[in-house]
Amino acid sequence: MQVVVALEDVRARVREARRAGVRIGFVPTMGALHEGHLSLVRQARARAGLVATSIFVNPLQFGPADDFARYPRDPARDRALAATAGVDLLWMPDAAAMYPSPPAVMVAPGQAGERLEGASRPGHFAGVLTVVLKLFALVEPDVAIFGRKDFQQAALIRAMVRDFNLPVAIVVAPTVRERDGLALSSRNAYLDAPARAAATALCRALGRGVEAYRRGERRAAAITQAARLVLEGQAGVVPDYVECAAPDDLRPVETVEAETVLAVAARVGGTRLIDNVVLGDGLEGDVHLSG
Ligand code: AMP
């Protein structure tokens, strides 16, 4: 595995591979790598001859009240995990090179970016889409892999690729979960033991929503209420939103279908976590760690 920092080095390396006819697969991350990220690397490995991964904690997507300063960073561990998972090119740009001055132009996400996470975190998706567009411009990947854990982010990236005719295929990979169902997240590192135990309320809430769907419930309000009761019944958990959304444009739905996404966000002992499930797939559609 080759590790690069400079923008011109990553560009030179991928261009050289492309000239040799090699397909480029790309997995953008913010580091503090876990099995969720590594599953995306394996998806890229299966589709490309050169797998590039970026690690960049993007200041543009954090609001003033967010956790940018304390976001977990462990470059040495990340390097070791990336090498084992099959990354060929690990790119760790620094913020001064990515943003020599504040960007004069940013990608505006439109209505789908104002719902759910966008409503709770103003400006978040403009920051995400802007950095992803920059990363795509530098890596020029044939295929890029994103996690369904962040399904709104994946939907907005698909929309950006479609609307801007970007020559990259987007693959969205299933959520990787701990044995007890908690979705893997770099932010789980913030959870102390009681908060870690309480955090399963998110996936239990999703499970309750899926149960209601399987019993034949189709009213979104009844499904979100069933899920919300689980969050509200768990000490140490403060729900943010519980919503049923259409998978493409994230609009709120009144009547659910198999493709409808049930999405939750909550604060658990001060840490904000998100999770979601496609009602027709259920949590079994995701990957559960066995170790
Ligand atoms: P992050 O480092 O949190 O920005 O995430 C980088 C990529 O990993 C994004 O495409 C995420 O959706 C994806 N990801 C994060 N957590 C998981 C997970 N538990 N399962 C699958 N993909 C994930």
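Annotation for segment 230-238: no member residue is open to solvent by less than 50 Å² (accessible area, probe 1.4 Å), closer than 24 Å to F62 by Cβ and at pLDDT below 95.
Which residue out of R19, R11, R77 is modelled with pLDDT of 95 or more and either surrounded by 21 or more Cβ atoms within 10 Å (Cβ to Cβ) or within 15 Å of the ligand (Cβ to nearest atom) (or both)? Spell out the reasoning first.
Details: R19 fails: either surrounded by 21 or more Cβ atoms within 10 Å (Cβ to Cβ) or within 15 Å of the ligand (Cβ to nearest atom) (or both); R11 fails: either surrounded by 21 or more Cβ atoms within 10 Å (Cβ to Cβ) or within 15 Å of the ligand (Cβ to nearest atom) (or both).
Exactly one of R19, R11, R77 is modelled with pLDDT of 95 or more and either surrounded by 21 or more Cβ atoms within 10 Å (Cβ to Cβ) or within 15 Å of the ligand (Cβ to nearest atom) (or both), namely R77.
For segment 244-277, filtering for residues that are surrounded by fewer than 22 Cβ atoms within 10 Å (Cβ to Cβ) and more than 20 Å from A197 (Cα to Cα) leaves 12. Being in contact with a Leu (Cβ under 8 Å, 6 or more places away or on another chain), of a type in the set (K, R) and under 29 Å from G270 (Cα atoms) holds for only one residue in R77, R73, and it is R77.
Does V27 satisfy the criteria of being open to solvent by less than 50 Å² (accessible area, probe 1.4 Å), without any contact (Cβ under 8 Å) to a residue 40 or more places away in the chain and β-branched (V, I, T)? Answer is no for this residue.
Taking segment 147-227 as the region of interest, the helices (runs of 4 or more DSSP H) fully inside it that hold 3 or more residues being in contact (Cβ under 8 Å) with a residue 60 or more places away in the chain and crowded, with 19+ Cβ neighbours inside 10 Å are 151-163, 200-214.
The values are calculated or read from the model by the stated rules, or taken from the named source; none is laboratory data. Keep in mind that this is a model prediction, so the values were computed, not measured. Every residue, glycine as well, gets a Cβ built from its backbone with ideal geometry; the counts of neighbours run over all protein chains shown. The accessibility values were calculated without ligands, DNA or RNA, using every heavy atom of the protein model including side chains. Shrake-Rupley method; radii C 1.70, N 1.55, O 1.52, S 1.80 Å.
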